[in-house]
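Undergrad: Submitted below is the structure of interest, expressed as structure tokens.
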Amino acid sequence: MNKVDPRLASDIAGIRNSISRSDRTDYVTTYTEREFYEGKTTTERVLILRTRGCSWSYHSGCSMCGYWGDTNPDIGKEELEKQVDHFLKDYPQGEVLKIFTSGSFFDPIEIDQGLQFSIIDKVLSGYSHLIVESRPEYIKKVVDRLSKYAGRIQVAIGLESTDPSVLKNSVNKNYDFDDFKECAMLLREHGLSVRAYLLLKPPFLTEKESIDDSIRSAREIARYSDFISVNPMNIQTGTLVERMYKEGNYRPPWLWSVVKVLQSLRDVDVPTVSLVTASGKRRGAHNGHECDRRFSEGIRKYSETLDFRFLDELKCECEDSWKNFLEVEEETGMPMSEVILDD
């Protein structure tokens, strides 16, 4: 495993301990979203289970992750079974189901291993495909058993970046590109597809550095991935990133930057999308201009279709402000905070 900066880890752990955790035992939420999957525009149902949370977060956690607040340390196998059964009673079938857990689906401490496969069997009796997320260290232990579901399961890994310095000093991820590559190859050998998450604008990077990092990382992971999702930073409660934001030391990425990354990857032979959380809002990717809604819609439509025309037609006078922002940051060598634009 990639060693992390102990000062960053300690800082994150201290903030994490101040977050109020849920006392509920029902699943967090369910909703639908559309994206380009398996060669077509697909409506996918999302289920977020309430678990004890990410095991890494108990030690330190990632600098930007606030999902700790949706977890309950007392939830065990029985409560999770009830959550899944309750969900499947209301939504028994569909094309694609994504299950998120605020951690790792294949972490046996978070979800009992027997229950993991019971959930998979129940879901795939009504859904054509299942997408789950996990850290690499847990995937290695279950990949042999997963081979029976070849062609029906996609495993998502939140790599965030291929740069070891970004992973260690900005994200505090505690695994690296080599861990991702090993697991991705294992999954593919067993007939399972791989989804990679990249983080646009980790803390301590300038806007241009973050754009370049996402483009470079996407190109490096393409040969190991079947699907790439570029996730622009959104500021979550109780995180190091939120503290930096409140202190005026961080700004979420511009929507212009999201468009730039996606347009720069049009030659990559892997579906690459961006489902922007809190798009156009101050705590999510935004231009801070009246064009935010139009840009958000354009990125959404592109991610549903992979039709670059939805990105290419995005124009606004605030492009100059974005370019000036990039230039000033590069001249000073430091990330800037919010700049308010006049409509």
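The values are calculated or read from the model by the stated rules, or taken from the named source; none is laboratory data. Treat the numbers as computed from the prediction; the structure is a model and nothing was measured. Heads up, the Cβs are rebuilt from the backbone with ideal geometry, glycines too, and the neighbour counts pull from every protein chain shown.
Undergrad: When you scan the stretch 303-322, do you find a residue that is surrounded by 18 or more Cβ atoms within 10 Å (Cβ to Cβ), within 28 Å of residue 227 (Cα to Cα), touching a strand residue (DSSP E or B) at 6+ places or on another chain (Cβ under 6 Å) and of a type outside the set (A, V, I, L, M, F, W, C), even just one?
TA: Yes, the stretch 303-322 contains at least one residue that is surrounded by 18 or more Cβ atoms within 10 Å (Cβ to Cβ), within 28 Å of residue 227 (Cα to Cα), touching a strand residue (DSSP E or B) at 6+ places or on another chain (Cβ under 6 Å) and of a type outside the set (A, V, I, L, M, F, W, C).
Undergrad: For the stretch 262-284, enumerate the residues that are touching an Asp or Glu at 6+ places or on another chain (Cβ under 9 Å) and closer than 13 Å to residue 231 by Cα.
TA: 273, 275, 279
Undergrad: Hey, another quick one. Find the residue count for the stretch 226-256, including only residues that are among the aromatic types (Phe, Trp, Tyr), surrounded by 24 or more Cβ atoms within 10 Å (Cβ to Cβ) and within 16 Å of residue 302 (Cβ to Cβ).
TA: 1
Undergrad: A follow-up question, please. Quick one: how many residues across the stretch 36-61 are among the polar types (S, T, N, Q), under 19 Å from residue 235 (Cα atoms) and assigned to a loop (DSSP other than H, G, I, E, B)?
TA: Total satisfying the criteria: 1.
Undergrad: I would also like to ask the following. Does residue 288 qualify as being over 28 Å from residue 193 (Cβ atoms), out of contact with any helix residue (DSSP H, G or I) (no Cβ under 7 Å at 6 or more places or on another chain), in contact (Cβ under 8 Å) with a residue 24 or more places away in the chain and surrounded by 18 or more Cβ atoms within 10 Å (Cβ to Cβ)?
TA: So residue 288 passes the test.
Undergrad: Anything in the stretch 21-47 that is buried (at least 17 other Cβ atoms within 10 Å of the Cβ) and of a type in the set (A, V, I, L, M)? List them, or say none.
TA: 28, 47
Undergrad: Every residue in the stretch 307-334 that is of a type outside the set (D, E, K, R) and either under 25 Å from residue 236 (Cα atoms) or part of a helix (DSSP H, G or I) (or both), please.
TA: Correct list: 310, 311, 321, 322, 324, 325, 326, 328, 332, 334.
Undergrad: Kindly indicate whether residue 161 is buried (at least 17 other Cβ atoms within 10 Å of the Cβ), within 17 Å of residue 50 (Cα to Cα) and small (Gly, Ala, Ser).
TA: no
Undergrad: How many of the residues in the stretch 14-50 are at pLDDT 95 or above and either in contact with a Gly (Cβ under 6 Å, 6 or more places away or on another chain) or over 20 Å from residue 132 (Cα atoms) (or both)?
TA: 1
Undergrad: So residue 218 ticks every box in (1) surrounded by fewer than 19 Cβ atoms within 10 Å (Cβ to Cβ); (2) in contact (Cβ under 8 Å) with a residue 12 or more places away in the chain; (3) within 24 Å of residue 309 (Cα to Cα) but one. Which box is left unticked?
TA: (1)
Undergrad: Could you check the stretch 133-152 and list, in sequence order, the residues that are farther than 14 Å from residue 120 by Cβ and in contact with a strand residue (DSSP E or B) (Cβ under 8 Å, 6 or more places away or on another chain)?
TA: Across the stretch 133-152, the qualifying residues are 135, 136.
Undergrad: Could you tell me which residue of the stretch 243-260 is modelled with the lowest pLDDT, considering only residues that are of a type in the set (A, V, I, L, M) and within 25 Å of residue 66 (Cα to Cα)?
TA: 244
Undergrad: Any chance you could count how many residues in the stretch 190-214 are farther than 18 Å from residue 270 by Cα and either free of Cβ contacts under 8 Å to residues at least 12 places away in the same chain or touching a Gly at 6+ places or on another chain (Cβ under 8 Å) (or both)?
TA: Result for the stretch 190-214: 3.
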